[in-house]
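Engineer: Mind looking over this structure? Questions follow.
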Ligand SMILES: [Ca+2]
């Protein structure tokens, strides 16, 4: 049996993070509902607190149906006088209606400070809204408080059915990767460790990081790097802060006039000695519209810390270079021949689902027999499940 896993809610307001929503029947002086779902009890006021007279409840909306089999809670830190004596936990899929009582507690007068009270259901339930409704209280204090209210479930066991591919008495698997190294920058040095820079910059509006912010915006919306307006060439570069393996680049231009016509893509490990990865002459961009993108595949995989586009000329002679977005990526479409069909080869190279089988594979590899051992199967099936 797997371990109970507790949802890490880490709320920072009644509606953060989305889609969670914390709410309550009533709240005393800013000690809001979310403070019972934030995962901390830093002090006595890190809790939800409410007047007892209102028959209070505390509620979490997960934003979608969520499997739960266990609950645990702590009362207000150092204030057992604020604890409930009787309460129910209920679930619903309709806000403020049709709550089903999942568990009832009565005569609970033995709360231990800063210690969880645990409740486990015999079977999991699946509701969007969970509510703790208090009906009787310990002590004579006017308020009831909950420091933490948490939800747990048992994770599903991992799936065990895997598939390999078979053709002409040979067995295969695939390794398909298609990623872009997105940077989503918000300044020339944010987020660390990325650093964007350029040979020149027209103004801070057209700073180098605007080409690495993931935003593609048309003319005048200012999400592009621009060299100084009087210049006709220049370079733009990104320091990833570590080596990044790439074999493709996507260039998004602002519009035709400032688009790169003759340019190179360069890579460096020391920001000093540069290797030419790609050399493009007389590129032709659309003369109308904004934000055309082109993807260029490199001849081979490369790995550098610094990448640069060096623009020698732009598409019209009286303009400076501009780039709206520059991003590097990595593609791999590998077909692997598996030398033997064993439990281990299914476990290591089998997949739950083979997607993209219509792709043209551009790498073929042969898995060495020494990497797969034990438990040879007597038949060579196309697909097999095992435990
Ligand atoms: Ca941009």
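Every number here is computed from the coordinates shown, using simple stated rules; none is lab data. On a predicted model such as this, the values are computed, not experimentally measured, just so you know. Methodologically, a virtual Cβ is constructed for each residue, glycine included, from the backbone with ideal geometry; neighbour enumeration extends over all protein chains shown.
Engineer: Using only Cα atoms, what Kirkwood radius does segment 179-332 have, in angstroms?
Structural biologist: One decimal place: 15.1 Å for the Kirkwood radius.
Engineer: So how far, in whole Å, is the C-alpha centre of segment 315-331 from the one of segment 239-277?
Structural biologist: 9
Engineer: If you take every DSSP beta bridge fully contained in the chain, what fraction is antiparallel? Give it as a percent rounded to 5.
Structural biologist: Antiparallel: roughly 95 percent of the beta bridges in the chain.
Engineer: Would you please calculate the Kirkwood hydrodynamic radius of segment 5-153 over all C-alpha pairs and express it in Å, rounded to one decimal?
Structural biologist: 14.9
Engineer: Given 0.36 nm per residue, what is the gain on full extension from residue 54 to residue 13 after removing their alpha carbon distance, in nm?
Structural biologist: Gain in length upon complete extension: 12.5 nm.
Engineer: Which number do you get for Rg(Cα) / (2.2 N^0.38 Å) in the chain?
Structural biologist: Scaled against compact globular proteins, the figure is 1.42.
Engineer: Then there's this: Consider a paramagnetic label point 7 Å from the Cα of residue 229 along Cα→Cβ; state which residues of segment 167-197 have an amide N under 17 Å from it.
Structural biologist: Within reach of a label on residue 229: no residues.
Engineer: Rounded if a/c is under 1.5, else prolate if a/b beats b/c, else oblate: with a ≥ b ≥ c from the C-alpha gyration tensor eigenvalues square-rooted, which is segment 1-54?
Structural biologist: Cα axes put segment 1-54 in the prolate bin.
Engineer: Using only alpha carbon positions, build the gyration tensor of segment 43-94, then give the equivalent ellipsoid semi-axes as the square roots of 5 times its eigenvalues, largest first, whole angstrom.
Structural biologist: 23, 14, 11
Engineer: Note down the nm distance, to one decimal, between modelled labels 7 Å out along Cα→Cβ at residue 282 and at residue 176.
Structural biologist: 3.7
Engineer: Given 0.36 nm per residue, what is the gain on full extension from residue 142 to residue 360 after removing their alpha carbon distance, in nm?
Structural biologist: The residue 142-residue 360 span can extend by a further 71.3 nm.
Engineer: Here is a follow-up. Quick one: grab the alpha carbon gyration tensor of segment 132-250, order the square roots of its eigenvalues as a ≥ b ≥ c, and give me rounded if a/c is under 1.5, else prolate or oblate depending on whether a/b is larger than b/c.
Structural biologist: Oblate shape, in that a/c is at least 1.5 and b/c is the bigger or equal ratio.
Engineer: Once fully extended, how much extra length lies between residue 109 and residue 45, figured as 0.36 nm per residue of separation less the alpha-carbon to alpha-carbon distance?
Structural biologist: 20.9 nm
Engineer: On to the next question. Sequence gap at least 6, Cα distance under 8 Å: using those rules, report the relative contact order of segment 5-153 to the nearest whole percent.
Structural biologist: Worked out over segment 5-153, it gives 33 percent.
Engineer: Over segment 179-332, what is the relative contact order in whole percent, taking alpha-carbon pairs under 8 Å and six or more residues apart?
Structural biologist: That works out to 33 percent.
Engineer: Okay, next question. For the chain, what does the relative contact order come out to in percent, with C-alpha contacts under 8 Å and a separation of six or more?
Structural biologist: It comes to 16 percent, rounded to a whole number.
Engineer: Give me the mean projected area, in nm² to one decimal, of the convex hull enclosing the Cα positions of segment 266-369.
Structural biologist: 11.0
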